[in-house]
Amino acid sequence: MTPCPAVSIENVHKRFGTVHALRGVDFTIQQGEFFGLLGPNGAGKSTLINALAGLVRPDSGQLKVMGFDVASEYRDARRRLGVVPQELVYDPFFEVRETLRFQAGYFGLGKEVDPWIDELLHELNLVDKSGANMRSLSGGMKRRVLIGQALVHKPPVVVLDEPTAGVDVELRRQLWSLIKRLHRDGHTIVLTTHYLEEAEELCDRIAIISCGELVALDTKADLLNRGISKTLHIYTSEPVRDLPAALTDKIKHVTEDYTELSFSLNEDSVMHVLDTIRNAGVHVIDIRVEEDDLEDVFVQLTRDTR
Amino acid sequence: MTGLLWLFWKELVRFGKVAFQTVLAPIITALLYLLVFSHVLEGRVNVYEDVGYTAFLVPGLIMMSVIQNGFANSSSSLVQSKITGNLVFVLITPISYIEFFAAYVAASIVRALTVGSGILLVAKLLVDVPIHSFFLIAAFAFLGSAVLGALGIIAAIWAEKYDQLAAFQNFVIMPLSFLSGVFYSIHSLPEFWQALSRFNPFFYMIDGFRYGFFGVSDVPVVISLSVCLITLVALSAVTLSVLRAGYKLRI
């Protein structure tokens, strides 16, 4: 028997007044996946995450976590879902350990969870801050407490809503390593981000949402190959006037030192381009291949729906 | 413990951490009222036969504090969590809307009764206040604090900013509690104001509560008890339906 999907989203619609925030979003995330949810600001990523967490009630459609409907079986669904919100929200009345303890309590967990809280504090490098008030923590530490709160009830599915927004490079790397470890430990990870580098680094499969619609859903490799353009740039020391007529329409940039010619490899093969250059007797000083990255694919896919 | 009990416990710890502000300050304020009003009016005003004005004042001040602190606890905690955004950590848990309601109202009751008991204990050292029925005193204190705890939830859900909550407190709770017979019997009011007072549920809370001390009241205690019960049931139904609908919490 195949295991149920970690997350299933079926034809979900949500309107806020005249804004159609989600327009029939429909996809599933399998257990154990590292899934990226990408989209420009206002695309509907957070609305979708919030619908999964029960903070937004969709107008129609169905969302399930580990097979449990988030509306009719909300207790079971929420026990299996950990959410790290985008904003650094915390209760200023409490200390770090208290924050984690109460969060575990809301899930009905008693003393048995204390060793896990100790382990979490250790894993999140918060042991020496466990007695500190949340107000006194740095932004990075608060972010780690939020991750701890999402993990305190040991959910199989963890959703991180832009966890590295506004954090410095070092902390971003630390958070990536932590999230990778969670994935290795068997958690299904759903990561929303608008740092495409982050999705490229971490995710196996990526969905791109734009204006409330799913515009792409594929593995990272297939997404990068989709409509990808490769361009061969050739730098020559020949002045423009000495270039044969066959190459003049390939001139991209001219300086005092070189002339840059660019060839689309979607139209010409590499061999054909090199033969053309050799036959023209052009002196080549440098060659560079430019390939679309996820950012280009993202821009291309989201441009048309805006 | 269940999620409900943890949420209730969290609310208790929250107000316990600022006990100077949430418990001690209202006790001192009520005692200052008692000292000033009793000094000025003792011997000049006689509301009930054989009951001195200072003794008359004690139950009213206690109930006024119960009302104000019952409201303040649920409303301030909830509005702060809502505005700062940390309420999501409660909303994403398996806690149901009924458990959510029960936890916030129960915490309001505990804070209101703690403040009320504190005032009573200190007042007993200063004034001879009889106790006619401990059961009625406890019943009215419980009902009053529960009603205000529920009202605090509604106000906090409605308020988008702290000043909207302050407006609710200053323009609804304060006038209704001051104009409910804390400092006087409604029989001393002109007829129009007497009639108007009868539409104020806080009046029945205070009048019934006072009956628990002296065995005398402006209206029969059964009516006061019924009004308080009906108010609690009605307000709880409204609060529960607001929470069930997710108004302003689950969009």
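What follows draws every value from the coordinates through simple rules; no lab data is involved. Treat the numbers as computed from the prediction; the structure is a model and nothing was measured. So basically every Cβ, Gly included, is an ideal-geometry build from the backbone, and we count neighbours across all protein chains shown.
The table below gives the values:
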{"read-out": "The stretch A:1-107: projected area of the alpha-carbon convex hull, averaged over directions, in nm²", "value": "8.6"}
{"read-out": "C-alpha long axis of helix A:294-303 to longest principal axis of chain A, angle in °", "value": "90"}
{"read-out": "Calculated from backbone phi, Karplus (6.51, -1.76, 1.60) coupling profile of the stretch A:82-89 in Hz, x at Gly/Pro", "value": "x, 10, 9, x, 5, 7, 7, 9"}
{"read-out": "Relative contact order computed over the stretch B:3-245 (Cα-Cα under 8 Å; 6+ residues apart), in percent", "value": "27"}
{"read-out": "Relative contact order of the stretch A:230-291, defined on C-alpha pairs under 8 angstrom at six or more residues apart (%)", "value": "53"}
{"read-out": "Placed amide H near A:Glu238: partners under 5 Å, 5+ positions off or other chain", "value": "A:Thr259, A:His283"}
{"read-out": "Rg ratio (alpha-carbon, reference 2.2 N^0.38 Å) - the protein assembly as shown", "value": "1.36"}
{"read-out": "Distance in nm between pseudo-label sites at B:Ala19 and B:Glu49 (7 Å out along the Cβ direction from Cα)", "value": "4.5"}
{"read-out": "The stretch A:74-173 - Rg (one decimal) and Dmax (whole number), Cα, Å", "value": "13.0, 37"}
{"read-out": "Chain B, dipole about Cα centre (Lys/Arg Cβ +1, Asp/Glu Cβ -1), debye to the nearest 20", "value": "860"}
{"read-out": "Under-5 Å amide H pairs with A:Glu213, H placed in peptide plane, nonlocal only", "value": "A:Arg23"}
{"read-out": "Listed residues A:Asn125, A:Pro155, B:Leu32: farthest to the positive end of the dipole of the protein assembly as shown (Cβ charges)", "value": "B:Leu32"}
{"read-out": "J(HN,Hα) series, the stretch B:227-242, from Karplus relation 6.51 cos²θ - 1.76 cosθ + 1.60, nearest Hz, glycine and proline x", "value": "4, 5, 5, 5, 4, 5, 5, 5, 5, 5, 4, 5, 4, 5, 6, 5"}
{"read-out": "Where labels lie 7 Å past Cα in the beta-carbon direction, separation of A:Thr248 and A:Phe16 in nm", "value": "5.6"}
{"read-out": "Reachable lysines from A:Lys180, criterion Cα separation under 23 angstrom, eight or more residues apart if same chain", "value": "A:Lys45, A:Lys142, A:Lys154, A:Lys220"}
{"read-out": "Estimated FRET transfer efficiency (A:Tyr258, A:Arg184; beta-carbon r; R0 51 Å; 0.05)", "value": "0.60"}
{"read-out": "Charge dipole of the stretch B:3-245 about the Cα centre (unit charges at C-beta), most positive-ward option of B:Ile206, B:Ser108, B:Phe8", "value": "B:Phe8"}
{"read-out": "Cα-Cα separations in the stretch A:7-225 greater than 27 Å, expressed as whole percent", "value": "31"}
{"read-out": "Stokes-Einstein D for chain B, Kirkwood Rh over Cα pairs, 20 °C, 1.002 mPa s (µm²/s)", "value": "116"}
{"read-out": "Inverse mean reciprocal Cα-Cα distance (Kirkwood Rh) of the stretch A:230-291, Å", "value": "11.5"}
{"read-out": "Charge-dipole axis of chain B as Lys and Arg at +1 and Asp and Glu at -1 on Cβ define it, positive-most pick from B:Phe178, B:Pro220, B:Gly152", "value": "B:Gly152"}
{"read-out": "Total charge dipole magnitude, the protein assembly as shown, about the Cα centre, Cβ charges on Lys, Arg, Asp, Glu only, Debye to nearest 20", "value": "2040"}
{"read-out": "From phi via Karplus (6.51, -1.76, 1.60), per-residue ³J(HN,Hα) for the stretch A:270-281 in Hz, x at Gly/Pro", "value": "4, 4, 4, 5, 5, 4, 4, 5, 4, 4, 7, x"}
{"read-out": "Long-range HN-HN contacts of A:Gly82 with modeled amide H, under 5 Å", "value": "A:Val157, A:Val158, A:Val159"}
{"read-out": "Over the stretch B:72-149, equivalent-ellipsoid semi-axes from the Cα gyration tensor in Å", "value": "33, 14, 7"}
{"read-out": "About the Cα centre, charge dipole magnitude for the stretch A:64-187 (Lys/Arg +1, Asp/Glu -1 at Cβ), debye", "value": "180"}
